[in-house]
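The values are calculated or read from the model by the stated rules, or taken from the named source; none is laboratory data. Everything numeric in this text was worked out from a predicted model, so none of it was measured. Note that each Cβ is placed from the backbone with ideal geometry, even for glycine, and that neighbours are counted across all protein chains shown. Accessible surface areas use protein heavy atoms only, side chains included; no ligands, DNA or RNA. Shrake-Rupley method; radii C 1.70, N 1.55, O 1.52, S 1.80 Å.
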Amino acid sequence: MEKGTCNQGTQRKLVLSNERIAGLLKELLDCSEAQGISACFMCRTCSSSCPIATLEKGFDPVKLIRMCLYGLWDQLLRDPTLWLCTSCYACQERCPQGIKIADFITVLKNLAVKKGEPPPGIKAQREIITQAGRVYPLDEFDNKKRAKMGLPELPTTCTVVGRLIGAE
Amino acid sequence: MKYALFLGCTIPARARNYELSARSVASRLGIEFIDIQDFVCCGFPMKGIDRRAAWLMGAYNLALVENKGLDVCTLCSSCTSALTEVAHSMASEEDHGDMLASLEQMGFQYTGKVKVRHIARILFEQVDREKIRKTFEKDLSGLRVAVHYGCHYFKPSEVYEGFDDPEAPYTIEELVRLTGAQVVDYPGKKRCCGGPVLPVEEKAALTVAKQKLDDIREVGADLICLVCPFCALMYDGNQKGIEAEFEESYNIPVLYLTQLLGVAMGIDRKPLGLNLNVVKTKKLLERFY
């Protein structure tokens, strides 16, 4: 991470009220995944293990932890680089302090979605899964192809996921 | 040996070569797969959006399996990790009452009995090596295989109860060696395929995948062997795109572990879905057919 880059691209006006920020902070620290982050002593094992941090200057797991500890909630939750985490767990496996870094980033992603500014595609993905029950919905054409290969037919509609999570 | 086969979303739609070969190989080894029509997405793609929703989807799938008194065999590593996390969390001290109540409201119960196992893990842990060897009709000696483990096959390690070693993985290589093929080591073996960031930052994802293709070309492997449809999408499906983007030439065939084992078992190309691989395998496998 280059010095002073953690605010890059986040110069927009604050849109979160103080109450909302306090609410998000509480929500984050209530998550077991985030509770260990204060143990970070910045050894940067995570940064050097990360397949993305070596390519994309804006992304660095240790940066996300620091921003969180410094209370830069607004910048953090609208930081588009959050979504560059591949969830490969290399950082988490190697953290000498046992911080669940990848799980912590997942929590941040969840909070960013709630705040209402996830990248395009994320909401669409939620819609597809909720409506079709799968990421790649199947149709009769798929089933015909499957049958031709001797593979069993699969349902082309699904309502259970909508009922399971749709209301939340 | 009987398992509920969890296909997930990608495999039945976009990786039918994996499904075909897994079914063919399992059948040769006497592993019976039960298909459950009501399965939904494992929840993995939902994790970044809403962890609770992801957990519920995983638990719903496991409830369907528990109801039939079975364990799960997964093919996709992401499904494996999502379902293993749910199974593991049920055994922890975390309180799931609230989420289990949501399931119950819909008439489903999950008590945490189901074991989730990737097909490679089942072959490694549950099937006798001699039994596997006895099914082989072809000796794959001379093939130089670079194994790509991917990430979620064994990570996060805390939920996998000591299976394999994320810093020095060995299980897939051990299975490949049974065929007589030579496993070649290469730098960056543990690197992620980059797949999850493909929809967010395509160039970064392709660059991560390219690094591995470079490493594998450098050590002169004949093929890449892997166990996840996302990783296959990066190295097989996108190999031509990477070649165009970076002005490179690789032409390295990518086979699922089940396809490679199937070749050794003397199974025809079609039941292994070899005709569906993007990078052509015909020349590589000529001497076996």
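Things to note:
- Put simply, the amide H of residue B:118, placed in the peptide plane, has neighbours under 5 Å in B:74, leaving out anything fewer than 5 places away on its chain.
- J(HN,Hα) series, the range B:125-133, from Karplus relation 6.51 cos²θ - 1.76 cosθ + 1.60, nearest Hz, glycine and proline x: 9, 9, 10, 4, 4, 4, 5, 5, 4
- For residue A:56, no residue 5 or more places off, or on another chain, has a built amide H under 5 Å of its own.
- Karplus 3J(HN,Hα) series, Hz, for the range A:45-52 with 6.51 cos²θ - 1.76 cosθ + 1.60 (x for Gly, Pro): 4, 4, 4, 7, 8, 7, x, 8
- Couplings 3J(HN,Hα) of the range B:154-164, computed from phi: 9, 10, x, 4, 4, 8, 9, 6, x, 6, 6 Hz, in residue order, whole Hz [Karplus 6.51 cos²θ - 1.76 cosθ + 1.60, θ = phi - 60°; x for Gly and Pro].
- Solvent exposure ordering (accessible area, 1.4 Å, most first) of B:96, B:88: B:88, B:96
- The amide H of residue B:256, built 1.01 Å from its N in the peptide plane, has B:226 as neighbours under 5 Å, considering only residues 5 or more places off or on other chains.
- Portion, in percent, of the accessible area of the range A:122-165 that falls on carbon or sulfur, probe 1.4 Å: 55 percent
- Contact order, relative form, for the range B:47-201: 25 percent (alpha carbon pairs under 8 Å, 6 or more residues apart, mean separation divided by residue count).
- Principal-axis tilt of helix A:18-30 within chain A, Cα atoms, nearest 10 degrees: 80 degrees
- Helix-only mean residue ellipticity at 222 nm for chain A, each DSSP H run of n ≥ 4 adding -39500 (n - 2.57), per residue, nearest 500: -13000 deg cm²/dmol
- The lysines within cross-link reach of residue B:203, meaning a Cα-to-Cα straight distance under 24 Å and a gap of 8 or more places when in the same chain, are A:57, A:63, A:109, A:123, B:47, B:189, B:190, B:212, B:240.
- Helix-only [θ]222 nm of chain B, DSSP H runs n ≥ 4, -39500 (n - 2.57) each, per residue, nearest 500: -12000 deg cm²/dmol
- Counted over all Cα-Cα pairs of the range B:142-245, pairs farther apart than 15 Å make up 62 percent.
- Scanning chain B for cysteines with no neighbouring cysteine C-beta under 4.7 angstrom from their C-beta gives B:9, B:41, B:73, B:225.
- Per-q log10 I(q)/I(0), chain B, q = 0.07, 0.11, 0.15 Å⁻¹ (Debye; single scatterer per alpha-carbon; no solvent): -0.25, -0.63, -1.15
- Shape analysis of the range B:6-72 places it in the oblate category; the axes a ≥ b ≥ c from the Cα gyration tensor give an a/c of at least 1.5, with a/b not above b/c.
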